Amino acid sequence: MTKETLRHLFDDSVCHTGWQLAVRRAIVALIAISGLMSFVETFGDFAMRWQRVLFAADCVITAVFSVEVALRIWVGGRRYVFSFYGLVDIVSTYPFYLALIFPIPYSALRILRVLRLMRVFRYMRASHILARAFASKKAEMSVSLQFLVIITFVLSIMLYHVEHSAQPEIYSDGFTSVAWAFAQYIGDPGGFADYAPITFGGKLIATIVGILGIAIFAVPAGIIGSAFVEVMDEERKADADNENIEKIRTSFRRLQCRDTLMQHVPESVDFLTIQAEKQLSEQEIVDAVNAASDLRMRNAASTYPRGYDAVPRLVVEHFPSNNEYGNCIDRGSNVTIVATSCYAEAGLGWFSYYLALFGGFNYVSKEFEPHPLAPRSYYMVRDTEGYVDAPMRKFIDDIERLAAKAPDRPYVIFILSANGGMEPETPSRFHFTIGAKKGDETYDDTENLTIKDIPRFASMYDELTAMLASDYGLEADRHRHHGTNKRHLPVLLDPRSERFTMRIAWEVTTRHPHRLEIIWKMATILHRHFDPARPMPEQSQFKTKAIGYYY
(Lines give C-alpha, C1' and ligand atoms only; values in the text may rest on other atoms or scores of the structure.)
Protein backbone atom coordinates (compact mmCIF):
# COMPACT_ATOMS: atom_id res chain seq x y z
CA MET A 1 0.00 0.00 0.00
CA THR A 2 1.51 3.32 -1.09
CA LYS A 3 1.87 6.46 0.99
CA GLU A 4 -0.50 8.29 -1.36
CA THR A 5 -3.18 5.61 -0.85
CA LEU A 6 -2.87 5.93 2.93
CA ARG A 7 -2.96 9.71 2.70
CA HIS A 8 -6.26 9.44 0.81
CA LEU A 9 -7.58 6.90 3.34
CA PHE A 10 -6.77 9.17 6.29
CA ASP A 11 -8.14 12.31 4.61
CA ASP A 12 -11.23 13.02 6.70
CA SER A 13 -12.61 15.52 4.17
CA VAL A 14 -12.98 12.84 1.46
CA CYS A 15 -16.13 10.77 0.99
CA HIS A 16 -14.70 7.27 0.73
CA THR A 17 -16.18 4.25 -1.01
CA GLY A 18 -15.33 0.55 -1.29
CA TRP A 19 -12.65 -0.91 0.97
CA GLN A 20 -11.62 2.51 2.27
CA LEU A 21 -15.14 3.13 3.56
CA ALA A 22 -15.12 -0.34 5.18
CA VAL A 23 -11.82 0.47 6.96
CA ARG A 24 -13.19 3.75 8.30
CA ARG A 25 -16.35 2.03 9.54
CA ALA A 26 -14.26 -0.65 11.26
CA ILE A 27 -12.22 2.03 13.06
CA VAL A 28 -15.39 3.79 14.22
CA ALA A 29 -16.78 0.45 15.43
CA LEU A 30 -13.62 -0.24 17.46
CA ILE A 31 -13.80 3.25 18.99
CA ALA A 32 -17.41 2.60 19.99
CA ILE A 33 -16.52 -0.81 21.47
CA SER A 34 -13.64 0.71 23.42
CA GLY A 35 -15.95 3.37 24.84
CA LEU A 36 -18.54 0.74 25.77
CA MET A 37 -15.85 -1.27 27.56
CA SER A 38 -14.89 1.79 29.60
CA PHE A 39 -18.52 2.10 30.68
CA VAL A 40 -18.95 -1.61 31.44
CA GLU A 41 -15.84 -1.68 33.63
CA THR A 42 -17.53 0.73 36.07
CA PHE A 43 -19.77 -2.20 37.13
CA GLY A 44 -17.47 -4.08 39.51
CA ASP A 45 -19.13 -7.51 39.60
CA PHE A 46 -19.66 -7.64 35.85
CA ALA A 47 -16.11 -6.44 35.17
CA MET A 48 -14.63 -9.09 37.47
CA ARG A 49 -16.67 -11.86 35.82
CA TRP A 50 -15.60 -10.88 32.30
CA GLN A 51 -12.16 -9.58 33.20
CA ARG A 52 -10.23 -11.87 30.81
CA VAL A 53 -12.53 -11.14 27.88
CA LEU A 54 -12.34 -7.40 28.46
CA PHE A 55 -8.55 -7.52 28.80
CA ALA A 56 -8.15 -9.55 25.60
CA ALA A 57 -10.48 -7.22 23.69
CA ASP A 58 -8.54 -4.23 25.03
CA CYS A 59 -5.26 -5.74 23.83
CA VAL A 60 -6.63 -6.40 20.34
CA ILE A 61 -8.14 -2.90 20.03
CA THR A 62 -4.93 -1.29 21.31
CA ALA A 63 -2.87 -3.27 18.79
CA VAL A 64 -5.12 -2.19 15.90
CA PHE A 65 -5.04 1.45 16.98
CA SER A 66 -1.25 1.26 17.41
CA VAL A 67 -0.85 0.23 13.77
CA GLU A 68 -3.33 2.86 12.60
CA VAL A 69 -1.69 5.69 14.55
CA ALA A 70 1.78 4.60 13.40
CA LEU A 71 0.61 4.76 9.77
CA ARG A 72 -0.92 8.19 10.38
CA ILE A 73 2.40 9.41 11.82
CA TRP A 74 4.25 8.00 8.79
CA VAL A 75 1.89 9.73 6.38
CA GLY A 76 1.25 12.99 8.26
CA GLY A 77 4.61 13.51 9.93
CA ARG A 78 5.16 16.35 12.37
CA ARG A 79 2.04 18.19 11.23
CA TYR A 80 -0.14 15.28 12.31
CA VAL A 81 1.74 14.59 15.56
CA PHE A 82 1.19 18.14 16.84
CA SER A 83 -2.42 18.43 15.64
CA PHE A 84 -5.37 18.08 18.02
CA TYR A 85 -6.43 14.67 16.75
CA GLY A 86 -2.81 13.53 16.53
CA LEU A 87 -2.24 14.28 20.21
CA VAL A 88 -5.51 12.55 21.14
CA ASP A 89 -4.55 9.47 19.10
CA ILE A 90 -1.07 9.21 20.62
CA VAL A 91 -2.09 9.89 24.24
CA SER A 92 -4.98 7.42 24.09
CA THR A 93 -2.92 4.64 22.48
CA TYR A 94 0.80 4.45 23.30
CA PRO A 95 0.82 5.00 27.11
CA PHE A 96 -0.45 1.40 27.42
CA TYR A 97 2.97 0.20 26.29
CA LEU A 98 4.68 2.38 28.87
CA ALA A 99 2.72 0.49 31.54
CA LEU A 100 4.75 -2.60 30.61
CA ILE A 101 7.93 -0.77 31.71
CA PHE A 102 6.84 1.79 34.29
CA PRO A 103 4.43 1.28 37.22
CA ILE A 104 1.57 3.36 35.81
CA PRO A 105 -1.72 2.88 37.75
CA TYR A 106 -4.35 1.01 35.72
CA SER A 107 -6.92 3.65 36.69
CA ALA A 108 -4.83 6.24 34.84
CA LEU A 109 -4.79 4.03 31.76
CA ARG A 110 -8.56 3.73 31.92
CA ILE A 111 -8.89 7.51 31.92
CA LEU A 112 -6.64 7.74 28.87
CA ARG A 113 -8.64 5.01 27.13
CA VAL A 114 -11.80 7.07 27.49
CA LEU A 115 -10.08 9.72 25.35
CA ARG A 116 -10.44 7.32 22.41
CA LEU A 117 -14.07 8.37 22.19
CA MET A 118 -12.87 11.82 21.11
CA ARG A 119 -11.37 10.20 18.01
CA VAL A 120 -14.86 9.59 16.66
CA PHE A 121 -15.32 13.34 16.19
CA ARG A 122 -13.07 13.30 13.12
CA TYR A 123 -15.54 10.97 11.40
CA MET A 124 -18.67 12.92 12.38
CA ARG A 125 -20.07 15.41 9.94
CA ALA A 126 -21.52 17.45 12.82
CA SER A 127 -18.07 18.04 14.32
CA HIS A 128 -16.71 19.25 10.98
CA ILE A 129 -19.68 21.61 10.59
CA LEU A 130 -19.18 22.98 14.11
CA ALA A 131 -15.45 23.45 13.48
CA ARG A 132 -16.20 25.32 10.26
CA ALA A 133 -18.70 27.51 12.13
CA PHE A 134 -16.06 28.45 14.71
CA ALA A 135 -13.44 29.03 12.02
CA SER A 136 -15.73 31.26 9.95
CA LYS A 137 -16.51 33.55 12.90
CA LYS A 138 -13.20 33.55 14.74
CA ALA A 139 -12.60 37.22 13.88
CA GLU A 140 -15.99 38.29 15.28
CA MET A 141 -15.47 36.09 18.35
CA SER A 142 -12.06 37.61 18.94
CA VAL A 143 -13.37 41.17 18.69
CA SER A 144 -16.30 40.56 21.05
CA LEU A 145 -14.14 38.77 23.63
CA GLN A 146 -11.46 41.45 23.49
CA PHE A 147 -14.12 44.10 24.10
CA LEU A 148 -15.58 42.22 27.08
CA VAL A 149 -12.16 41.56 28.62
CA ILE A 150 -11.11 45.23 28.32
CA ILE A 151 -14.41 46.50 29.78
CA THR A 152 -14.18 43.99 32.63
CA PHE A 153 -10.61 45.05 33.41
CA VAL A 154 -11.62 48.73 33.46
CA LEU A 155 -14.57 47.98 35.78
CA SER A 156 -12.29 45.89 38.02
CA ILE A 157 -9.88 48.79 38.54
CA MET A 158 -12.82 51.10 39.23
CA LEU A 159 -14.13 48.53 41.73
CA TYR A 160 -10.78 48.53 43.54
CA HIS A 161 -10.78 52.30 43.97
CA VAL A 162 -14.41 52.28 45.21
CA GLU A 163 -14.05 49.35 47.64
CA HIS A 164 -10.48 49.82 48.87
CA SER A 165 -11.44 52.52 51.39
CA ALA A 166 -14.39 50.48 52.69
CA GLN A 167 -12.67 47.04 52.73
CA PRO A 168 -8.89 47.71 52.71
CA GLU A 169 -8.05 44.27 54.12
CA ILE A 170 -9.96 42.51 51.29
CA TYR A 171 -9.43 44.84 48.32
CA SER A 172 -5.77 45.38 49.11
CA ASP A 173 -4.66 45.57 45.49
CA GLY A 174 -5.98 45.57 41.95
CA PHE A 175 -5.49 41.83 41.49
CA THR A 176 -8.19 41.15 44.07
CA SER A 177 -10.82 43.18 42.22
CA VAL A 178 -9.80 41.72 38.84
CA ALA A 179 -9.99 38.15 40.22
CA TRP A 180 -13.42 38.87 41.74
CA ALA A 181 -14.83 40.28 38.47
CA PHE A 182 -13.63 37.44 36.25
CA ALA A 183 -14.65 34.82 38.81
CA GLN A 184 -18.25 35.98 38.54
CA TYR A 185 -18.36 34.90 34.89
CA ILE A 186 -17.86 31.26 35.82
CA GLY A 187 -19.88 31.34 39.05
CA ASP A 188 -16.77 31.22 41.26
CA PRO A 189 -17.00 27.43 41.78
CA GLY A 190 -13.86 27.39 43.96
CA GLY A 191 -14.98 30.22 46.21
CA PHE A 192 -11.59 31.91 45.89
CA ALA A 193 -13.22 35.30 45.22
CA ASP A 194 -16.04 35.08 47.74
CA TYR A 195 -16.07 38.72 48.82
CA ALA A 196 -18.88 40.98 47.68
CA PRO A 197 -18.75 44.79 47.30
CA ILE A 198 -20.50 46.69 50.10
CA THR A 199 -20.50 50.25 48.83
CA PHE A 200 -23.16 51.67 46.52
CA GLY A 201 -20.61 52.28 43.79
CA GLY A 202 -19.23 48.77 44.20
CA LYS A 203 -22.68 47.23 43.97
CA LEU A 204 -23.41 49.27 40.84
CA ILE A 205 -20.20 48.05 39.23
CA ALA A 206 -21.04 44.47 40.33
CA THR A 207 -24.42 44.81 38.61
CA ILE A 208 -22.73 45.86 35.35
CA VAL A 209 -20.32 42.93 35.69
CA GLY A 210 -23.32 40.65 36.13
CA ILE A 211 -24.87 41.98 32.94
CA LEU A 212 -21.54 41.45 31.16
CA GLY A 213 -21.57 37.90 32.54
CA ILE A 214 -24.70 37.30 30.51
CA ALA A 215 -23.23 39.01 27.46
CA ILE A 216 -19.99 37.04 27.61
CA PHE A 217 -21.99 33.89 26.83
CA ALA A 218 -24.88 35.37 24.88
CA VAL A 219 -22.78 37.26 22.32
CA PRO A 220 -20.53 34.31 21.33
CA ALA A 221 -23.54 31.99 21.38
CA GLY A 222 -25.35 34.29 18.96
CA ILE A 223 -22.29 34.54 16.71
CA ILE A 224 -21.79 30.77 16.65
CA GLY A 225 -25.51 30.22 16.13
CA SER A 226 -25.54 32.45 13.05
CA ALA A 227 -22.36 30.79 11.78
CA PHE A 228 -23.91 27.37 12.27
CA VAL A 229 -26.92 28.39 10.19
CA GLU A 230 -24.64 29.76 7.47
CA VAL A 231 -22.55 26.58 7.37
CA MET A 232 -25.68 24.42 7.20
CA ASP A 233 -26.89 26.54 4.28
CA GLU A 234 -23.51 26.06 2.62
CA GLU A 235 -23.78 22.30 3.19
CA ARG A 236 -27.23 22.19 1.62
CA LYS A 237 -25.99 24.24 -1.31
CA ALA A 238 -22.95 21.98 -1.70
CA ASP A 239 -25.22 18.92 -1.75
CA ALA A 240 -27.43 20.56 -4.37
CA ASP A 241 -24.37 21.56 -6.43
CA ASN A 242 -23.01 18.00 -6.31
CA GLU A 243 -26.35 16.63 -7.46
CA ASN A 244 -26.45 19.12 -10.34
CA ILE A 245 -22.82 18.35 -11.25
CA GLU A 246 -23.77 14.71 -11.77
CA LYS A 247 -26.70 15.78 -13.93
CA ILE A 248 -24.46 17.99 -16.07
CA ARG A 249 -21.85 15.24 -16.44
CA THR A 250 -24.48 12.98 -18.00
CA SER A 251 -24.72 15.53 -20.81
CA PHE A 252 -21.26 14.37 -21.85
CA ARG A 253 -22.44 10.95 -22.94
CA ARG A 254 -20.12 9.75 -25.66
CA LEU A 255 -20.97 10.25 -29.31
CA GLN A 256 -19.99 8.11 -32.28
CA CYS A 257 -17.87 9.61 -35.03
CA ARG A 258 -19.43 8.86 -38.44
CA ASP A 259 -16.00 8.76 -40.10
CA THR A 260 -14.13 6.47 -37.71
CA LEU A 261 -17.03 4.84 -35.77
CA MET A 262 -15.11 5.66 -32.56
CA GLN A 263 -16.81 6.98 -29.44
CA HIS A 264 -15.72 10.35 -28.10
CA VAL A 265 -16.70 12.82 -25.41
CA PRO A 266 -18.37 15.95 -26.83
CA GLU A 267 -15.89 18.82 -26.74
CA SER A 268 -18.63 21.04 -25.28
CA VAL A 269 -22.39 21.19 -24.68
CA ASP A 270 -24.52 24.30 -25.15
CA PHE A 271 -25.64 26.01 -21.96
CA LEU A 272 -29.24 26.14 -23.15
CA THR A 273 -29.17 22.44 -24.07
CA ILE A 274 -28.19 21.52 -20.52
CA GLN A 275 -30.79 23.89 -19.14
CA ALA A 276 -33.54 22.30 -21.25
CA GLU A 277 -32.52 18.64 -20.90
CA LYS A 278 -31.68 18.65 -17.18
CA GLN A 279 -34.37 21.14 -16.10
CA LEU A 280 -31.85 23.31 -14.28
CA SER A 281 -32.00 27.05 -13.82
CA GLU A 282 -29.27 29.31 -15.12
CA GLN A 283 -27.97 29.95 -11.59
CA GLU A 284 -27.98 26.24 -10.74
CA ILE A 285 -25.79 25.49 -13.77
CA VAL A 286 -23.39 28.34 -12.98
CA ASP A 287 -23.08 27.27 -9.33
CA ALA A 288 -22.55 23.62 -10.26
CA VAL A 289 -19.88 24.41 -12.85
CA ASN A 290 -18.05 26.69 -10.40
CA ALA A 291 -18.11 23.94 -7.77
CA ALA A 292 -16.98 21.16 -10.13
CA SER A 293 -13.35 20.17 -10.57
CA ASP A 294 -13.81 18.99 -14.16
CA LEU A 295 -16.28 21.46 -15.71
CA ARG A 296 -15.90 25.03 -16.99
CA MET A 297 -17.85 27.54 -19.05
CA ARG A 298 -16.76 29.07 -22.33
CA ASN A 299 -17.95 31.68 -24.76
CA ALA A 300 -17.91 29.85 -28.10
CA ALA A 301 -17.69 33.21 -29.91
CA SER A 302 -14.07 33.49 -28.72
CA THR A 303 -13.08 30.81 -31.23
CA TYR A 304 -13.72 33.10 -34.23
CA PRO A 305 -10.99 35.35 -35.71
CA ARG A 306 -10.97 39.13 -35.57
CA GLY A 307 -13.55 40.69 -37.89
CA TYR A 308 -16.23 38.00 -37.47
CA ASP A 309 -19.49 39.19 -35.97
CA ALA A 310 -19.83 36.04 -33.86
CA VAL A 311 -22.85 35.81 -31.57
CA PRO A 312 -21.86 35.12 -27.93
CA ARG A 313 -22.82 31.56 -27.00
CA LEU A 314 -22.18 29.94 -23.65
CA VAL A 315 -21.02 26.33 -23.64
CA VAL A 316 -19.87 23.97 -20.89
CA GLU A 317 -16.65 21.97 -21.27
CA HIS A 318 -15.83 18.73 -19.48
CA PHE A 319 -12.16 17.86 -19.00
CA PRO A 320 -10.03 15.20 -17.25
CA SER A 321 -7.64 16.14 -14.43
CA ASN A 322 -5.43 14.16 -12.06
CA ASN A 323 -3.14 16.74 -10.40
CA GLU A 324 -2.92 20.36 -9.27
CA TYR A 325 -2.22 21.89 -12.68
CA GLY A 326 -4.36 19.60 -14.82
CA ASN A 327 -3.50 16.26 -16.36
CA CYS A 328 -0.42 14.06 -16.74
CA ILE A 329 -0.60 10.62 -18.39
CA ASP A 330 2.49 8.45 -18.84
CA ARG A 331 2.02 5.90 -21.63
CA GLY A 332 5.71 5.09 -22.01
CA SER A 333 5.90 6.72 -25.44
CA ASN A 334 8.69 8.59 -27.22
CA VAL A 335 6.15 11.34 -27.90
CA THR A 336 4.66 13.68 -25.31
CA ILE A 337 1.73 15.89 -26.33
CA VAL A 338 1.63 19.11 -24.30
CA ALA A 339 -1.37 21.46 -24.15
CA THR A 340 -0.29 24.56 -22.24
CA SER A 341 -3.45 26.64 -22.53
CA CYS A 342 -6.53 24.43 -22.00
CA TYR A 343 -7.77 26.80 -19.31
CA ALA A 344 -7.76 29.75 -21.69
CA GLU A 345 -8.48 28.24 -25.13
CA ALA A 346 -11.76 26.49 -25.90
CA GLY A 347 -11.54 23.05 -27.48
CA LEU A 348 -7.76 22.80 -27.11
CA GLY A 349 -7.86 20.24 -24.32
CA TRP A 350 -10.31 18.00 -26.16
CA PHE A 351 -8.29 18.04 -29.41
CA SER A 352 -4.89 17.46 -27.76
CA TYR A 353 -6.27 14.78 -25.43
CA TYR A 354 -7.57 12.66 -28.28
CA LEU A 355 -4.42 13.22 -30.33
CA ALA A 356 -2.40 11.73 -27.46
CA LEU A 357 -4.94 8.99 -26.80
CA PHE A 358 -5.20 7.77 -30.41
CA GLY A 359 -1.42 7.79 -30.88
CA GLY A 360 -0.69 6.15 -27.52
CA PHE A 361 1.42 9.20 -26.61
CA ASN A 362 2.17 10.71 -23.22
CA TYR A 363 -0.04 13.67 -22.35
CA VAL A 364 0.46 16.78 -20.20
CA SER A 365 -2.16 19.54 -20.08
CA LYS A 366 -2.69 22.69 -18.06
CA GLU A 367 -6.35 22.79 -17.06
CA PHE A 368 -6.31 25.23 -14.11
CA GLU A 369 -5.18 28.81 -13.61
CA PRO A 370 -3.19 28.63 -10.35
CA HIS A 371 -2.31 32.31 -10.02
CA PRO A 372 -4.61 35.25 -10.85
CA LEU A 373 -1.74 37.26 -12.35
CA ALA A 374 -0.04 34.34 -14.09
CA PRO A 375 0.11 34.27 -17.91
CA ARG A 376 -2.95 32.65 -19.46
CA SER A 377 -0.67 30.13 -21.14
CA TYR A 378 2.26 28.15 -19.75
CA TYR A 379 3.73 28.31 -23.25
CA MET A 380 5.25 31.68 -22.33
CA VAL A 381 7.41 31.30 -19.22
CA ARG A 382 7.77 34.62 -17.37
CA ASP A 383 10.18 33.61 -14.66
CA THR A 384 11.42 37.17 -14.12
CA GLU A 385 7.91 38.32 -13.21
CA GLY A 386 7.52 35.81 -10.39
CA TYR A 387 4.80 33.70 -12.00
CA VAL A 388 6.64 30.37 -11.98
CA ASP A 389 4.79 28.90 -9.01
CA ALA A 390 4.78 25.32 -7.67
CA PRO A 391 2.15 23.94 -10.11
CA MET A 392 3.99 25.44 -13.06
CA ARG A 393 7.30 23.97 -11.93
CA LYS A 394 5.64 20.57 -11.59
CA PHE A 395 4.12 21.03 -15.05
CA ILE A 396 7.57 21.67 -16.57
CA ASP A 397 9.19 18.91 -14.49
CA ASP A 398 6.58 16.38 -15.67
CA ILE A 399 7.24 17.25 -19.31
CA GLU A 400 10.98 16.79 -18.89
CA ARG A 401 10.50 13.64 -16.81
CA LEU A 402 8.38 11.98 -19.51
CA ALA A 403 10.86 13.02 -22.19
CA ALA A 404 13.78 11.64 -20.18
CA LYS A 405 12.01 8.26 -19.83
CA ALA A 406 11.52 7.88 -23.59
CA PRO A 407 13.05 4.61 -24.86
CA ASP A 408 14.18 6.34 -28.08
CA ARG A 409 14.67 9.95 -29.17
CA PRO A 410 12.06 11.99 -27.21
CA TYR A 411 9.67 14.30 -29.04
CA VAL A 412 7.70 16.98 -27.18
CA ILE A 413 4.89 18.44 -29.27
CA PHE A 414 3.13 21.58 -28.04
CA ILE A 415 -0.46 22.16 -29.19
CA LEU A 416 -1.85 25.71 -29.21
CA SER A 417 -4.89 27.38 -30.75
CA ALA A 418 -4.82 29.90 -33.61
CA ASN A 419 -7.06 32.00 -35.86
CA GLY A 420 -9.41 33.00 -33.08
CA GLY A 421 -9.97 35.50 -30.31
CA MET A 422 -8.26 38.77 -31.17
CA GLU A 423 -5.96 37.19 -33.79
CA PRO A 424 -6.38 38.06 -37.45
CA GLU A 425 -7.41 35.28 -39.82
CA THR A 426 -4.69 33.69 -41.95
CA PRO A 427 -4.97 31.27 -44.90
CA SER A 428 -3.12 28.56 -42.96
CA ARG A 429 -5.02 26.43 -40.50
CA PHE A 430 -1.91 24.68 -39.11
CA HIS A 431 1.15 26.69 -38.08
CA PHE A 432 4.37 24.83 -37.21
CA THR A 433 7.23 26.49 -35.29
CA ILE A 434 10.59 24.86 -34.55
CA GLY A 435 12.61 27.72 -33.06
CA ALA A 436 13.23 29.99 -36.07
CA LYS A 437 12.11 33.59 -36.51
CA LYS A 438 8.83 34.60 -38.08
CA GLY A 439 9.05 34.41 -41.87
CA ASP A 440 11.98 31.96 -41.94
CA GLU A 441 10.53 28.87 -43.60
CA THR A 442 13.92 27.21 -44.10
CA TYR A 443 15.87 24.83 -41.86
CA ASP A 444 19.02 26.97 -42.02
CA ASP A 445 18.97 28.50 -38.50
CA THR A 446 20.37 25.31 -36.95
CA GLU A 447 21.75 27.16 -33.92
CA ASN A 448 18.28 28.17 -32.69
CA LEU A 449 16.16 25.31 -34.00
CA THR A 450 14.55 23.12 -31.34
CA ILE A 451 14.64 20.22 -33.82
CA LYS A 452 18.02 18.58 -34.39
CA ASP A 453 16.98 15.58 -36.51
CA ILE A 454 15.79 17.79 -39.37
CA PRO A 455 15.29 15.02 -42.00
CA ARG A 456 12.99 13.08 -39.67
CA PHE A 457 10.92 16.14 -38.83
CA ALA A 458 10.83 17.29 -42.47
CA SER A 459 9.55 13.88 -43.57
CA MET A 460 6.74 14.02 -40.99
CA TYR A 461 5.94 17.64 -41.85
CA ASP A 462 5.71 16.92 -45.59
CA GLU A 463 3.45 13.90 -45.10
CA LEU A 464 1.19 15.61 -42.57
CA THR A 465 0.75 18.82 -44.55
CA ALA A 466 0.11 16.85 -47.75
CA MET A 467 -2.60 14.81 -46.00
CA LEU A 468 -4.30 17.95 -44.62
CA ALA A 469 -4.26 19.62 -48.03
CA SER A 470 -5.39 16.65 -50.12
CA ASP A 471 -8.02 15.18 -47.75
CA TYR A 472 -9.49 18.33 -46.19
CA GLY A 473 -8.20 21.34 -48.12
CA LEU A 474 -6.43 22.67 -45.04
CA GLU A 475 -3.29 24.73 -45.59
CA ALA A 476 -0.26 24.52 -43.28
CA ASP A 477 2.90 26.58 -42.94
CA ARG A 478 6.16 26.68 -41.00
CA HIS A 479 7.10 30.03 -39.41
CA ARG A 480 5.19 32.00 -42.04
CA HIS A 481 2.90 33.71 -39.53
CA HIS A 482 4.44 32.80 -36.13
CA GLY A 483 7.95 33.00 -34.76
CA THR A 484 9.66 31.73 -31.62
CA ASN A 485 10.37 33.78 -28.51
CA LYS A 486 13.28 32.98 -26.21
CA ARG A 487 10.80 32.71 -23.33
CA HIS A 488 8.67 30.12 -25.13
CA LEU A 489 8.64 26.84 -23.24
CA PRO A 490 9.98 24.69 -26.13
CA VAL A 491 13.14 26.83 -26.15
CA LEU A 492 13.64 26.52 -22.38
CA LEU A 493 13.18 22.73 -22.12
CA ASP A 494 16.04 20.24 -21.92
CA PRO A 495 17.79 20.52 -25.33
CA ARG A 496 18.26 16.74 -25.47
CA SER A 497 14.64 16.39 -26.59
CA GLU A 498 13.14 17.33 -29.96
CA ARG A 499 10.50 20.05 -29.54
CA PHE A 500 8.12 21.77 -31.91
CA THR A 501 4.76 23.53 -31.79
CA MET A 502 1.55 23.12 -33.76
CA ARG A 503 -0.84 26.07 -33.64
CA ILE A 504 -4.17 24.76 -34.90
CA ALA A 505 -7.04 26.98 -35.97
CA TRP A 506 -10.15 26.92 -33.80
CA GLU A 507 -12.07 26.26 -36.99
CA VAL A 508 -10.45 22.79 -36.96
CA THR A 509 -10.42 22.03 -33.23
CA THR A 510 -14.01 23.08 -32.49
CA ARG A 511 -16.07 23.32 -35.68
CA HIS A 512 -14.66 21.10 -38.43
CA PRO A 513 -17.14 18.28 -39.24
CA HIS A 514 -14.31 15.71 -39.62
CA ARG A 515 -12.12 16.81 -36.72
CA LEU A 516 -11.96 13.39 -35.03
CA GLU A 517 -10.89 11.75 -38.28
CA ILE A 518 -8.24 14.47 -38.69
CA ILE A 519 -6.96 13.70 -35.19
CA TRP A 520 -6.73 9.98 -36.00
CA LYS A 521 -4.78 10.58 -39.21
CA MET A 522 -2.47 13.08 -37.48
CA ALA A 523 -1.81 10.58 -34.69
CA THR A 524 -1.05 7.87 -37.25
CA ILE A 525 1.53 10.02 -39.04
CA LEU A 526 3.18 11.23 -35.83
CA HIS A 527 3.34 7.66 -34.55
CA ARG A 528 4.87 6.34 -37.78
CA HIS A 529 7.67 8.90 -37.74
CA PHE A 530 8.40 9.42 -34.05
CA ASP A 531 7.33 6.25 -32.22
CA PRO A 532 7.43 3.37 -34.75
CA ALA A 533 8.79 0.73 -32.36
CA ARG A 534 5.60 0.73 -30.24
CA PRO A 535 2.31 -0.64 -31.60
CA MET A 536 -0.31 2.04 -32.19
CA PRO A 537 -3.69 1.55 -30.44
CA GLU A 538 -6.41 -0.03 -32.56
CA GLN A 539 -9.56 1.91 -33.40
CA SER A 540 -11.63 -0.85 -31.78
CA GLN A 541 -10.28 0.20 -28.37
CA PHE A 542 -12.21 3.46 -28.61
CA LYS A 543 -15.69 2.14 -29.38
CA THR A 544 -16.87 1.96 -25.78
CA LYS A 545 -20.01 3.84 -24.84
CA ALA A 546 -19.66 5.71 -21.56
CA ILE A 547 -20.00 9.13 -19.93
CA GLY A 548 -16.99 11.43 -19.77
CA TYR A 549 -13.29 10.59 -19.71
CA TYR A 550 -11.74 7.55 -18.12
CA TYR A 551 -8.83 6.42 -20.33
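The values are calculated or read from the model by the stated rules, or taken from the named source; none is laboratory data. Nothing here was measured: the structure is a model prediction, and the numbers come from that model. No Cβ is skipped: glycine too gets one built from the backbone with ideal geometry, and neighbour counts run over all protein chains shown. What goes into the accessible areas is simple: the full protein's heavy atoms, side chains included, and nothing from ligands, DNA or RNA. Shrake-Rupley method; radii C 1.70, N 1.55, O 1.52, S 1.80 Å.
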When the label point is put 7 Å from the Cα of E243 along its Cα-to-beta-carbon vector, which residues of region 279-297 have a backbone N closer than 17 Å?
279-289, 291-292
At 7 Å along the Cα-to-beta-carbon direction for both V154 and N485, put a label point, then send me their distance in nm to one decimal.
5.9
Multiply the residue separation of W74 and D294 by 0.36 nm, subtract the distance between their alpha-carbon atoms, and state the gained length in nm to one decimal.
76.1 nm
For helix 348-359, what angle does its Cα long axis make with the longest principal axis of the chain, in degrees from 0 to 90 and rounded to 10?
70
Would you kindly find the accessible area of M37, with a 1.4 Å probe and non-protein molecules such as ligands, DNA and RNA excluded, rounding to the nearest 10 Å²?
10
Answer in debye to the nearest 20: the dipole magnitude of the chain about its Cα centre, from +1 Lys/Arg and -1 Asp/Glu charges placed on Cβ, is 1200
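If DNA, RNA and ligands are ignored and the probe is 1.4 Å, what is the ranking of V508, V23 by accessible area, most exposed first? Show your work: numbers first, answer last.
Details: V508 0, V23 50 Å².
Sorted descending by solvent-accessible area, the residues read V23, V508.
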Loop-resident chymotrypsin sites (Phe, Trp or Tyr not before Pro) in region 211-291 with no more than 12 other Cβ atoms inside 10 Å, DSSP not H/G/I/E/B, are none
Charge tally for neighbours of Y472 with beta carbon under 12 Å away, counting Lys, Arg as +1 and Asp, Glu as -1, is -2
Just subtract the alpha-carbon distance of Q279 and E441 from 0.36 nm times their residue separation and send over the number in nm, one decimal.
53.0 nm
Testing the spin-label approximation: label points 7 Å from Cα along Cα→Cβ at L112 and M124. State their distance in nm.
2.4
Label-point separation, A218 to H161 (7 Å along Cα→Cβ), nm
2.8
Of the options A533, I519, G473, report the single residue whose Cα projects farthest towards the positive end of the charge dipole of the chain (beta-carbon charges: Lys, Arg +1; Asp, Glu -1).
A533
DSSP-loop GluC sites (Glu not before Pro) across region 134-226, with at most 13 other Cβ within 10 angstrom:
E169
Assuming R0 = 35 Å, can you tell me the calculated FRET efficiency for the pair A22 and A183, based on Cβ-Cβ distance, to the nearest 0.05?
0.10
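Express the relative contact order of the chain as a whole percentage, based on alpha carbon pairs under 8 Å and six or more residues apart in sequence.
12
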How large is the accessible surface of W50 in square angstrom, using a 1.4 angstrom probe and rounding to the nearest 10?
110
Taking every DSSP bridge whose two residues both lie in the chain, the antiparallel percent to the nearest 5 is 50
Which angle from 0 to 90°, rounded to the nearest 10, does the C-alpha axis of helix 282-291 make with the longest principal axis of the chain?
80
Region 487-523: trypsin sites (Lys or Arg not before Pro) in DSSP coil with no more than 12 other Cβ atoms inside 10 Å
R496
Cα-based helix-to-principal-axis angle, 174-185 vs the chain, degrees rounded to 10
70
Restricting to aspartates and glutamates and to Cα separations under 19 Å from K394, and discarding same-chain partners fewer than 8 apart, the set is E4, E324, D330, E367, E369, D383, E385, D494
Within the chain, what whole-number % of the accessible surface is contributed by carbon and sulfur, with the 1.4 Å probe and all protein chains included in the calculation?
62
Accessible area (Å², per residue) of the chain, counting only protein heavy atoms and a probe of 1.4 Å
51
Relative contact order for region 290-366 using alpha-carbon pairs under 8 Å, separation at least 6, rounded to a whole percent?
30
R0 = 60 Å: FRET efficiency of A466 with L272, Cβ-based, nearest 0.05?
0.90
